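> Have a look at the structure that comes next, please.
Read-outs throughout are calculated quantities, based only on the coordinates presented, and are distinct from any laboratory measurement. Owing to the predicted nature of the structure, the values given are computational and were not obtained by experimental measurement. Using ideal geometry, Cβ is built from the backbone for each residue, glycine included, and neighbour counts are taken over all protein chains shown.
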Amino acid sequence: MTTPRRVTWTEANARRIARQHLAVPAPAKESSPAAVTGAMLGAHAQVLSAAELSVALRLEAATRATVRDALRTDGTLVKTYGPRGTVHLLPSADLPLWTGALSAIPAGADPMPPDVRMTEEQTEAVLTAIGEALADRDLTVDELTDAIVERTGPWAGDRVMDAFQDKWPRWRQVTHRAAHRGVLCFGPNRGRRITYTNPHRVLPGFTPIDGAAAHTELVRRYLRAYGPAAPRHFARWLAAPRGWAGEVFAAAATSGEIEEVVYEGGAAWVVTGDTDFPAEPPEGVRLLPYFDAFAIASQPRELLFPGRAFERALGGGQAGNHPVLLVDGTVAGVWHQRRSGRRIAVTVEPIAGGTLSPRRRRALEAQVERVGEVLEGRAELTVGKVAVGPHA
């Protein structure tokens, strides 16, 4: 019996940083926003400007316009509900994988009060109505509500869902489920209002991959990007049941798709044969925006956010709520940017020791300049206290 390879945090972290294009941005002639986003397994787009920054920082000479063109002009990116039921940018070509995988994850307990919930029959009626209503046009939320009610009945439009000091129509509790089923994604904004469209208009004729096959492929991609990892890490990243994740990993191991290693003293997995790791530890200074994929998915989290960083840079233990300063592969501070015209004021608050060496300061200045280029403005650095709290 072969003894599993031992992998250290430093080795794993260096490989993740390299594969995330954080060590060296992907060459513009060889890559694209869609390819970079695919390597990240999606860019969290609850704050769309943060997603644009996440992607563009990983691609040589890219700006936010480069990412916007991929989303709105050539359609190689799509904005939809991805992992954890949250808004993401995903490669359009990966829609068969994502819809197949996400629609087949077991659902947890329904969080809605009994008088708000929808039956499975009502849910299926709404999903069908959404697909039909968006088949050939983009609709605002209000327009889509009218179209759904017209097809299903007034119950779907009852304003019974508590949301942001308001009441939303009943059907909106299945918005992310509609995206996972492949009948809804975001369309172009109409002024300041969002619209929804049918993803088949982005990638005509696509068919979701079979659930079991999609789960195996998603495990492979996840482990290539963020491995070594255990089923509990995969479950946390997807907001999926741990027991189910364990079954998926067990099936992938049985079929020979993944192999076990020893990682930080415990069992973890990598793609079979994917056991090469950098010999040198990660180096460099990077600024990661809100909800960056690397900060969210890398585990163990307490090693990525060591010491005081765990308290300062995490929102209640949740990664992504603060933009972070990454120094030599670990979180060493938080930062914030405020825009006024073309001027972008960037404030960086180091955590460890409160100061940066001259070499690190120069590297930080270069990174701030790059952030300004991506955001198509003129960035100015201040090293000091960040007064802005975590993002909700």
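> Taking the number of other C-beta atoms within 10 Å as the exposure measure, put 383, 374 in order starting with the fewest.
Ascending Cβ contact count within 10 Å gives the list 383, 374.
> Using alpha carbons only, what's the Rg to Rh ratio of the chain with Rh from Kirkwood? Write down the numbers at each step before the final one.
Numbers: Rg = 21.6 Å, Rh = 22.2 Å.
In the chain, Rg relative to Rh is 0.97.
> Residue 146 to residue 93: FRET efficiency via 1/(1 + (r/R0)^6), r the Cβ-Cβ distance, R0 30 Å, to the nearest 0.05? Spell out each step's value before the answer.
Details: r = 33 Å, r/R0 = 1.09.
Efficiency for this residue pair is about 0.40.
> Sort 198-204, 228-234, 118-124, 39-45 for me by packing, meaning the mean count of neighbouring Cβ atoms within 10 Å per residue, highest on top. Spell out each step's value before the answer.
Values: 198-204: 18.3, 228-234: 22.9, 118-124: 12.6, 39-45: 24.6.
So the peptides 198-204, 228-234, 118-124, 39-45, ranked by packing, come out 39-45, 228-234, 198-204, 118-124.
> For the peptides 324-333, 126-135, 101-110, what is the packing order when you average, over each peptide's residues, the other Cβ atoms within 10 Å and list the highest mean first?
On the way: 324-333: 23.9, 126-135: 19.9, 101-110: 15.3.
Ranking the peptides 324-333, 126-135, 101-110 by packing returns 324-333, 126-135, 101-110.
> Find, to one decimal place in angstroms, the Kirkwood hydrodynamic radius of the stretch 92-200, where the mean of 1/r is taken over every pair of different Cα atoms and then inverted.
Details: mean 1/r = 0.0692 Å⁻¹.
Result for the stretch 92-200 stands at 14.4 Å.
> Work out how far the C-alpha atoms of the stretch 173-331 reach from end to end along every principal axis, then list the three figures in whole Å, largest first.
The Cα atoms of the stretch 173-331 stretch 46, 42, 27 Å along their principal axes.
> Follow-up question, since we're still on this one. Put one equal scatterer on each alpha carbon of the stretch 33-112, apply the Debye formula with no solvent term, and list log10 I(q)/I(0) at q = 0.18 1/Å to two decimals.
Reported log10 I(q)/I(0), two decimals: -0.68.
> Then there's this: Compute the distance from the alpha-carbon center of the stretch 72-97 to that of the stretch 344-379, in whole Å.
The stretch 72-97 and the stretch 344-379 have Cα centres separated by 30 Å.
> Right, something else. Hey, what do the phi angles of the stretch 360-374 turn into as Karplus ³J(HN,Hα) couplings, whole Hz, using 6.51/-1.76/1.60 and θ = phi - 60°, x for Gly and Pro?
Working through the residues one at a time gives 5, 5, 5, 5, 5, 4, 5, 5, 5, 4, 5, 4, x, 4, 4 Hz.
> Please work out how much length the chain gains when fully extended from residue 46 to residue 63, using 0.36 nm per residue of separation minus the C-alpha to C-alpha distance, in nm with one decimal. List each step's numbers first, then the result.
Values: separation 17, 0.36 × 17 = 6.12 nm, distance 1.89 nm.
So the extension gain works out to 4.2 nm.
> May I pose another question? Which order do peptides 302-310, 56-64 fall in by mean Cβ count within 10 Å, highest first?
Result, highest mean Cβ count within 10 Å first: 56-64, 302-310.
> Return the whole-Å distance between the Cα centroid of the stretch 113-130 and the Cα centroid of the stretch 10-29.
Between the Cα centre of the stretch 113-130 and that of the stretch 10-29, the gap is 43 Å.
> Related question: What is the ratio of the Cα radius of gyration of the stretch 7-60 to 2.2 N^0.38 Å, where N is its residue count, to two decimals?
For the stretch 7-60, the normalised Cα radius of gyration is 1.18.
> Which value, in Å to one decimal place, does the Kirkwood hydrodynamic radius take for the stretch 164-236 when every pair of different Cα atoms is included? Each step should come with its number before you reach the end.
On the way: mean 1/r = 0.0652 Å⁻¹.
Value: 15.3 Å, from the Cα pair sum.
> If you don't mind, another one. Give the residue from 377, 315, 296 lying farthest towards the positive end of the charge dipole for the stretch 285-383; charges sit on Cβ (+1 for Lys and Arg, -1 for Asp and Glu) and the dipole is referred to the Cα centre.
The residue sitting most towards the positive pole is 377.
> Relative contact order (percent) for the stretch 285-383, with alpha-carbon contacts under 8 angstrom and 6 or more residues of separation?
That works out to 25 percent.
> Another one. Among 210, 162, 138, which one shows the biggest mean-square fluctuation in a GNM of the chain, springs joining Cα atoms closer than 10 Å?
In the Gaussian network model the winner is 162.
> Sticking with this one: Distance from the Cα centre of the stretch 273-307 to that of the stretch 216-234, in angstrom?
Here the two parts' Cα centres lie 15 Å apart.
> Taking only DSSP H segments of four or more residues, each worth -39500 (n - 2.57), what value at 222 nm results for the chain once the sum is divided by all its residues, to the nearest 500 deg cm²/dmol?
Calculated mean residue ellipticity at 222 nm is -11000 deg cm²/dmol.
> Please compute the modelled spin-label separation between residue 109 and residue 312, points set 7 Å along Cα→Cβ, answer in nm with one decimal.
3.9
> Build a GNM of the chain with springs between Cα atoms under 10 Å: which of 179, 267, 293 gets the top mean-square fluctuation?
Fluctuation is largest for 267.
> Per 10 Å bin, what percent of the C-alpha pairs of the stretch 285-383 does each bin hold, from zero upward?
17, 50, 30, 4
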